[in-house]
Amino acid sequence: METTLATTQEVINGAQFFDHWQGHRSLTRKVIEAFPEKELFTFKIGTMRTFADMVGELLAIAAPGLGEIATGKKAVLNEAIDFKNSKREMLRLWDLATVAINQYWDQMGKVDFQREHLSFGQFPGTVQSALFYFLDNEIHHRGQGYVYLRALDVEPPFFYDR
């Protein structure tokens, strides 16, 4: 089956994508809340990182990455986030990132999602591919968090509770 852009219907618009992404961020926040505090920073399986390290990656990517798209100013990818071994601090930083994401999204206006974009000065693609990466990466790591919670005998939030 062959299609062209000229005949393709829009499947999702920017506002719908943003709402979908924020729903996933809300669910990831619930996964963070479900973790026992000590295990959030210490528990891992095999060679996988702790969930705190994964959350650090998510925070290093989402708001700074969207900020690049919205402002055109290059961001540095810095995953070394100091949570002070505190779930409360992690949630505070998560919430601050959500506020920043909301502000950057509002600044974007009518963005060309097909425009070429170099995320963090090193990852080529389009605005759309960057946004999908931000979301897909979060879903991937949240899934690892679900595995950790189950291994810790903690019931994770329902995956559809967005």
Ranked by GNM mean-square fluctuation in the chain (Cα springs under 10 Å), the top entry among 130, 15, 97 is 15
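Considering all alpha-carbon pairs of the chain, what whole percent are spaced by more than 26 angstrom?
32 percent
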Proximal lysine pairs in the chain, meaning Cα under 27 Å and 8 or more positions apart or interchain, come to 10
Of all stretches in the chain that avoid GluC sites (Glu not before Pro) placed in a DSSP loop and having at most 16 other Cβ atoms within 10 Å, the longest is 80-162
Among 71, 99, 11, the residue whose Cα sits farthest towards the positive end of the charge dipole of the chain, when +1 is placed on the Cβ of each Lys and Arg and -1 on the Cβ of each Asp and Glu, is 99
Between residue 78 and residue 11, the two model label points (7 Å from Cα along the beta-carbon direction) sit apart by a distance in nm of 3.7 nm
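Where only protein heavy atoms count, and the probe is 1.4 Å, what is the accessible area per residue for the chain in Å²? Before the final figure, lay out each step's value.
On the way: 9460 Å² over 162 residues.
It amounts to 58 Å² per residue over the chain.
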Expected unfolding gain across residue 110-residue 53 under the 0.36 nm per residue rule, minus the alpha-carbon gap, is 17.1 nm
Rounded to the nearest 10 Å², the 1.4 Å probe accessible area of residue 71 is 60 Å²
Segment 134-157 and segment 16-53 have their Cα centres apart by a whole-number Å value of 6 Å
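With charges set only on the Cβ (+1 for Lys and Arg, -1 for Asp and Glu), what does the dipole of segment 25-162 come to about its Cα centre, in debye to the nearest 20?
Here segment 25-162 has a charge dipole of around 100 debye.
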Among 36, 147, 22, the residue whose Cα sits farthest towards the positive end of the charge dipole of the chain (+1 at Cβ of Lys and Arg, -1 at Cβ of Asp and Glu, taken about the Cα centre) is 36
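Percent of accessible area on the chain owned by carbon and sulfur, 1.4 Å probe? Before the final figure, lay out each step's value.
Working: 5150 of 9460 Å².
Of the solvent-accessible surface of the chain, carbon and sulfur hold 54 percent.
The values are calculated or read from the model by the stated rules, or taken from the named source; none is laboratory data. In this text the structure is predicted, and so the values were computed from the model without any measurement. Note that each Cβ is placed from the backbone with ideal geometry, even for glycine, and that neighbours are counted across all protein chains shown. Surface accessibility is based on the protein's heavy atoms, side chains included, excluding ligands, DNA and RNA. Shrake-Rupley method; radii C 1.70, N 1.55, O 1.52, S 1.80 Å.
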